[in-house]
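Everything below concerns the one structure shown next.
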Amino acid sequence: MSDIAIRVDNLGKQYHIGAIQQAGARHTYKSLRDSIANAASVPFRAARAMLGLGGHLQNDYDRTIWALRDVSFEVHRGEIIGVIGRNGAGKSTLLKILSRITEPTAGRAEIHGRTGSLLEVGTGFHPELTGRDNIYLNGSILGMRRAEIARQFDAIVAFAEVEEFVDTPVKHYSSGMYLRLAFAVAAHLETEILLVDEVLAVGDLQFQEKCLGKMQDVAATGRTVLFVSHSISSVQRLCTRALLFAGGKLTVDSSPAAVIAEYIGSHPEGIYTSPPSTTRPTITNAALALQGEALQLSVEFQSPFPISNPVLSFVVYNSLGAAVFGTDSCADPVSPPPPTSKAGRFEVAIPSGNFRPDRYLVSLWLSDQHADYCTLEMILQINLTGGAGGGLSPQFFGNVYLPTHWRFESIDAKSTT
């Protein structure tokens, strides 16, 4: 059997902007008002075209965008590949093609093995069916026999923590319950390849940790994982290799540390990883600056619903992508305690005197102490040129300097009689 699990050769996907192609003609979705206005203007546009006044009958239907272009790589069995890049870089399009949801416009992708995918919360679930029914439905879609699914059923339900609701229609599940069950099905049903998009960002931190551990277990059995994520720490910890996408193209294929360093270095202004949302809380503004002996971090958020226990978390990474420090507003209580609110601002001072000179990345996310969402929103960057440590290299001695108290005593001059 070949050692190749996935082979992608000059893959490309092109979309028409504002139009679809059907039966040889392109159409746009319009309201009744748009249709009436367009019909009324046709004679005038035709007359302008005949008189050479620049008008024409053809709408701007020929505008296209390449979500992916000339992408080639191979994935070996048992590899855990991280896929990173800004929004719109082509990451999700790649996974949709590999999952056979979307057809490529150019090139080809070969998939060697049964594939399970988790691209969006509840993808592949029928809302009217119970959790139990959806587990068996998903297994059947993957080509598994009922006995194979039954063998994994208890483990799936226990991992998803939905024992009380397994016979409830999933349309009544919260987004967190949906996610837990969807991931449990994808990870436990015995597929050779697991494709995971950035859906873990809506789960709580404890479940994210559980999922990362499960993906490590999956890869340890020789199965292949392709993991799209904005979480630098998750890619650094989980993956054996990483792919960086920008503008629909694969720009770097290397070790996670090298890819993360390139990703961070190419965006000194900061990286906004999630667009505004009308369904979940989002970070709307963030600033990081060195003021005196402290890094001052200010973060604003908005939510479509009141948040009773907003929690801001952050992790500081060095230029190699390794985490050097992190905390959240629960570990060091906020003063005054945040009230229930749809909007707010966190301000925190991070002492900089113990950091050696380096380029640092600060990754932020907003969560709720008792809810099931967690949104990674923004990555900021800052260069510290001063700092402590006596000029010792952070690559060798680490980034954090702690004052130490030394004492020396000469023992060769002491009497031994």
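Rounded to the nearest Hz, the phi-derived 3J(HN,Hα) couplings of the stretch 149-166 under the Karplus curve 6.51 cos²θ - 1.76 cosθ + 1.60 (θ = phi - 60°) are 5, 4, 5, 9, 4, 4, 5, 5, 5, 5, 5, 6, 6, 10, 3, 6, 10, 5, where x marks glycine and proline.
Annotation: amide H of LEU118 within the under-5 Å range of LEU195, VAL196, ASP197, sequence separation 5 or more or interchain, hydrogens built in the peptide plane.
On the beta carbon distance between GLU103 and ILE17, with R0 = 22 Å, the FRET formula returns roughly 0.75. Shape class of the stretch 112-166 from the alpha-carbon gyration tensor: oblate, with a/c at 1.5 or above and b/c at least as large as a/b. Surface composition of the stretch 89-165: carbon and sulfur atoms hold 47% of the protein heavy-atom accessible area at a 1.4 Å probe. For the stretch 275-315, relative contact order (Cα pairs under 8 Å, six or more residues apart, normalised by length) works out to 37 percent. Working note: Karplus 6.51/-1.76/1.60 with θ = phi - 60° gives the stretch 297-311 the couplings 10, 10, 9, 10, 9, 9, 9, x, 9, x, 10, 8, 9, x, 10 Hz, where Gly and Pro are set to x. Loop-located trypsin sites (Lys or Arg not before Pro) across the stretch 74-141 with a Cβ neighbour count of 15 or fewer within 10 Å are ARG100, ARG114, with loop assigned by DSSP.
The values are calculated or read from the model by the stated rules, or taken from the named source; none is laboratory data. All figures in this text were calculated on a predicted structure; none of them were measured in a lab. Because the Cβ atoms are built from the backbone with ideal geometry, glycine has one as well, and the counts that use them run over all protein chains shown. Only protein heavy atoms, including side chains, enter the accessible area calculation; ligands, DNA and RNA are left aside. Shrake-Rupley method; radii C 1.70, N 1.55, O 1.52, S 1.80 Å.
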